[in-house]
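Novice: After the structure tokens below, expect a handful of questions from me.
The values are calculated or read from the model by the stated rules, or taken from the named source; none is laboratory data. Here the structure is a predicted model, which means the values were calculated and not measured. Cβ placement follows ideal geometry from the backbone for every residue including glycine, while neighbour counts extend to all protein chains displayed. With ligands, DNA and RNA removed, areas are computed over all heavy atoms of the protein, side chains included. Shrake-Rupley method; radii C 1.70, N 1.55, O 1.52, S 1.80 Å.
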Amino acid sequence: MIEIKDIKKSFGGVMILKGISTVFETGKTNLIIGQSGSGKTVLLKSLLGIHTPESGKICFDGRVYSELEPDEKRELRTEIGMVFQGSALFDSMTVEENVAFPLKMFTNDNKAKIKERVDFVLERVALTDAHNKLPSQISGGMQKRVAIARAIVNKPKYLFCDEPNSGLDPNTAILIDNLIKEITEEYDITTVINTHDMNSVMEIGERILFLKDGLKAWEGTKEEIFRTDNQAVVDFVYSSNLFKKVREAYLKE
Amino acid sequence: MLIRYITQIGRYCLMLREIFIKQTKWSVMKKLIFKEIDDLIIDSLGIVAFISFFVGGVVAIQTALNLTNPLIPKYLIGFATRQSVILEFAPTFISVIMAGKMGSFITSSIGTMRVTEQIDALEVMGVNSLNYLVFPKIIALLLYPFVIGISMFLGILGGWMAGVYGGFTSSAEFINGAQMDFIPFHIVYAFLKTLIFAMLLATIPSFHGYYMKGGALEVGKASTVSFVWTSVSIILFNYILTQLLLGS
């Protein structure tokens, strides 16, 4: 479980996060949604320790990140898996080397054991024939799957995904969404996904946090988002006719 | 402006400290060092050899053409070539050239990693990205004096060939001049300079790549800025070291 309390962060005098508190639950896919510029990415990067909040606390299962020693912070980071928006695979390494990287860095496993684990996770993300290819030789969807494999290979406790299906075709996007949800349940990890894709909200959103202008404007479950009368959420989520109709159909039921 | 420069220098010093804490596992580091030796040292040998040979030749020809007084002995061609190549051309000017070749490679490769969030990926995993990216370059560049040694040899060889086959001097005279009044400390001085320049070549371009912000265009700009600052630092340190080691 990740608990954040009154997180504030500004850049160049402009307050981006204006005091956000919430809880991301273990074993669930926690989604952060909101318009561009609402503070989603800054919040995610603050959770990852890439940005340091000016005030507030981030607790990883009771461990307050800002109170940890540098070594403890690095130790905690080894428990984190991250899927970046652009996949962030290492260009000079093959798919297999990319996935094996966290194991080589943080375990004392021998080559055979690392190979076994890499094969297992690549199979888990349905990529069995790309071991020796470079990231530049595979498609965007495959790169995302490699990124997921790399993120889960060291059995993380926390999985963060920044726009995991941006730039993907609808079929691949659904496949990636479902893969993340399955992995979250399978490994019982705390997953936080930053997205503005409403398909993802409908498909895998178990807990949803809606940000507006750096503030928590709403939070709830996928079912609750259909019934909410919060105008900001309604304007954002049901901006397309398709989702308006989906909502109407749901409410009729 | 001044405050900005001081801030950058402070940031650079903090980066140097960060490089040496929280070391990457040796089994991983070993491979990175060999890769950097290949990228930075081996890949530079061709261009260094080419430039050194021909510039050595030009130094010999220019010296010969300027010795118009028949009272000045021809062996000075060998002497001047040796002194120019060992004291300045090989350690300093090859380093300035390498600031362009190695420096832009280092800045653009690290800068691209920054732009594509690969450095963020390393940090999020708990890897000390500065140690992972810069430390192997520093270790690889400990072999840089080897490159400069080759440059010295080929520079003098180029001078000998241009001098002898160009008809400016005889082989015996050139070799006599090249051996005359040889001060072994000049070699020590040249290699000490080279080691300092190697440290600058590894760290200044890394600094500009690591802390760059923006996209592909900024990677190009960072490479240019990195070349300028690495060259300026090499020239400044060259002056300071020459004053300290030979001036007193």
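Novice: Name the residues in segment B:14-45 that are open to solvent by 50 Å² or more (accessible area, probe 1.4 Å) and within 20 Å of the chain's Cα centre (by Cα), would you?
Specialist: Within segment B:14-45, B:Phe34, B:Lys35, B:Asp38, B:Ile42, B:Asp43 meet the criteria.
Novice: Next up: Please determine whether any residue of segment A:11-23 is part of a loop (DSSP other than H, G, I, E, B) and polar (S, T, N, Q). Before you say what the answer is, go through the steps one by one.
Specialist: Here is the first cut: in segment A:11-23, the ones part of a loop (DSSP other than H, G, I, E, B) are A:12-13.
Now drop any that are not polar (S, T, N, Q), which leaves none.
There is no residue in segment A:11-23 that is part of a loop (DSSP other than H, G, I, E, B) and polar (S, T, N, Q).
Novice: Would you check if B:Phe93 is of a type in the set (Phe, Trp, Tyr), more than 19 Å from B:Ile234 (Cα to Cα), away from chain A (no Cβ under 14 Å) and surrounded by 15 or more Cβ atoms within 10 Å (Cβ to Cβ)?
Specialist: Values: of a type in the set (Phe, Trp, Tyr): yes; more than 19 Å from B:Ile234 (Cα to Cα): no; away from chain A (no Cβ under 14 Å): yes; surrounded by 15 or more Cβ atoms within 10 Å (Cβ to Cβ): yes.
Answer is no for this residue.
Novice: Report whether or not B:Phe174 is of a type in the set (A, V, I, L, M, F, W, C), part of a helix (DSSP H, G or I) and under 30 Å from B:Leu244 (Cα atoms). So that I can check it myself, show each step before the final result.
Specialist: On the way: of a type in the set (A, V, I, L, M, F, W, C): yes; part of a helix (DSSP H, G or I): yes; under 30 Å from B:Leu244 (Cα atoms): no.
When the stated conditions are applied, B:Phe174 does not pass them.
Novice: Scan (1) touching a Ser or Thr at 6+ places or on another chain (Cβ under 6 Å); (2) open to solvent by 30 Å² or more (accessible area, probe 1.4 Å); (3) more than 14 Å from every other protein chain (Cβ to nearest Cβ); (4) not β-branched (Val, Ile, Thr) for the single condition A:Gly141 breaks and write down its number.
Specialist: A:Gly141 satisfies every listed condition except (2).
Novice: Follow-up. For segment B:181-199, check the following and say yes or no: at least one residue is surrounded by 20 or more Cβ atoms within 10 Å (Cβ to Cβ), in contact (Cβ under 8 Å) with a residue 40 or more places away in the chain, under 30 Å from B:Phe34 (Cα atoms) and among the β-branched types (Val, Ile, Thr).
Specialist: Yes, segment B:181-199 contains at least one residue that is surrounded by 20 or more Cβ atoms within 10 Å (Cβ to Cβ), in contact (Cβ under 8 Å) with a residue 40 or more places away in the chain, under 30 Å from B:Phe34 (Cα atoms) and among the β-branched types (Val, Ile, Thr).
Novice: If you check A:Thr184, A:Thr191, which single one turns out to be assigned to a helix (DSSP H, G or I) and open to solvent by less than 10 Å² (accessible area, probe 1.4 Å)?
Specialist: Numbers: A:Thr191 fails: assigned to a helix (DSSP H, G or I).
Every option except A:Thr184 fails the conditions.
Novice: Among the residues of segment B:96-118, is there at least one that is within 14 Å of chain A (Cβ to nearest Cβ), charged (D, E, K, R) and either out of contact with any helix residue (DSSP H, G or I) (no Cβ under 6 Å at 6 or more places or on another chain) or open to solvent by 40 Å² or more (accessible area, probe 1.4 Å) (or both)?
Specialist: The answer is yes; a qualifying residue exists.
Novice: Of all residues being more than 17 Å from A:Met105 (Cβ to Cβ) and not β-branched (Val, Ile, Thr) in segment B:19-43, which is nearest to the other protein chains (Cβ to nearest Cβ)? Just the residue, please.
Specialist: B:Asp39
Novice: Looking only at segment A:76-99, count every residue that is more than 20 Å from the chain's Cα centre (by Cα) and surrounded by fewer than 22 Cβ atoms within 10 Å (Cβ to Cβ) and tell me the total. I'd like the intermediate steps shown before the answer.
Specialist: Step one: list which residues in segment A:76-99 are more than 20 Å from the chain's Cα centre (by Cα), which gives A:91-97.
If we keep only those that are surrounded by fewer than 22 Cβ atoms within 10 Å (Cβ to Cβ) as well, we get A:91-94, A:96-97.
Total satisfying the criteria: 6.
Novice: Going by the structure shown, is B:Leu67 of a type in the set (A, V, I, L, M, F, W, C) and in contact (Cβ under 8 Å) with a residue 40 or more places away in the chain? Talk me through it step by step, then tell me what you get.
Specialist: Values: of a type in the set (A, V, I, L, M, F, W, C): yes; in contact (Cβ under 8 Å) with a residue 40 or more places away in the chain: no.
Considered against the rule, which asks whether it is of a type in the set (A, V, I, L, M, F, W, C) and in contact (Cβ under 8 Å) with a residue 40 or more places away in the chain, B:Leu67 comes out as no.
Residue-by-condition table, conditions (1) of a type in the set (S, T, N, Q); (2) out of contact with any helix residue (DSSP H, G or I) (no Cβ under 6 Å at 6 or more places or on another chain); (3) touching a residue at least 60 places away in the same chain (Cβ under 8 Å):
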| site | (1), (2), (3) |
| --- | --- |
| A:Met1 | no, yes, yes |
| A:Met15 | no, yes, yes |
| A:Ile20 | no, yes, yes |
| A:Lys28 | no, yes, yes |
| A:Ser55 | yes, yes, no |
| A:Glu67 | no, yes, no |
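Novice: Could you please let me know if B:Ala216 is within 15 Å of B:Gly103 (Cβ to Cβ) and either among the aliphatic types (A, V, I, L, M) or in contact with a Lys or Arg (Cβ under 6 Å, 6 or more places away or on another chain) (or both)?
Specialist: Working: within 15 Å of B:Gly103 (Cβ to Cβ): no; either among the aliphatic types (A, V, I, L, M) or in contact with a Lys or Arg (Cβ under 6 Å, 6 or more places away or on another chain) (or both): yes.
Here the answer is no, as B:Ala216 does not meet what is asked.
Novice: Now for a different question. I'm told B:Leu16 meets every condition in (1) away from every other protein chain (no Cβ under 14 Å); (2) closer than 27 Å to B:Leu122 by Cα; (3) aliphatic (A, V, I, L, M); (4) part of a loop (DSSP other than H, G, I, E, B) except one. Can you identify the failing condition by its number?
Specialist: Failed condition: (4).
Novice: What's the number of the only condition in (1) open to solvent by 20 Å² or more (accessible area, probe 1.4 Å); (2) under 30 Å from B:His208 (Cα atoms); (3) more than 14 Å from chain A (Cβ to nearest Cβ) that B:Leu67 fails to meet?
Specialist: (2)
Novice: Please specify each residue of segment B:50-84 satisfying the condition of being under 17 Å from B:Leu154 (Cβ atoms) and among the basic types (Lys, Arg).
Specialist: B:Arg82
Novice: If you check A:Asp229, A:Asp169, A:Asp162, A:Asp213, which single one turns out to be within 20 Å of A:Thr22 (Cα to Cα) and open to solvent by 60 Å² or more (accessible area, probe 1.4 Å)?
Specialist: Numbers: A:Asp229 fails: within 20 Å of A:Thr22 (Cα to Cα); A:Asp169 fails: within 20 Å of A:Thr22 (Cα to Cα); A:Asp162 fails: open to solvent by 60 Å² or more (accessible area, probe 1.4 Å).
None of the others qualify; the one that does is A:Asp213.
Novice: Residues to consider are B:Phe153, B:Phe146, B:Phe174; find the one that is over 29 Å from B:Ile42 (Cα atoms), at pLDDT 95 or above and aromatic (Phe, Trp, Tyr). Step through it out loud before you land on a result.
Specialist: Numbers: B:Phe153 fails: over 29 Å from B:Ile42 (Cα atoms); B:Phe146 fails: over 29 Å from B:Ile42 (Cα atoms).
None of the others qualify; the one that does is B:Phe174.
Novice: Let me ask something additional. For segment A:34-136, list the helices (runs of 4 or more DSSP H) that sit wholly inside it and hold at least 2 residues that are farther than 22 Å from B:Val115 by Cβ and away from every other protein chain (no Cβ under 14 Å); which are they? Lay out the reasoning, then the answer.
Specialist: Numbers: elements: A:40-48, A:70-77, A:95-106, A:111-124.
Hits in segment A:34-136: A:111-124.
Novice: State which residue is surrounded by the most Cβ atoms within 10 Å (Cβ to Cβ) when the search covers only segment B:119-136 and only residues that are within 8 Å of another protein chain (Cβ to nearest Cβ) and in a helix (DSSP H, G or I). Don't jump to the end; show me each part of the working.
Specialist: First, the residues of segment B:119-136 that are within 8 Å of another protein chain (Cβ to nearest Cβ): B:120-121, B:123-128.
Restricting the remaining residues to those that are in a helix (DSSP H, G or I) gives B:120-121, B:123-125.
Working: B:Asp120: 19, B:Ala121: 25, B:Glu123: 20, B:Val124: 23, B:Met125: 23.
Result: B:Ala121.
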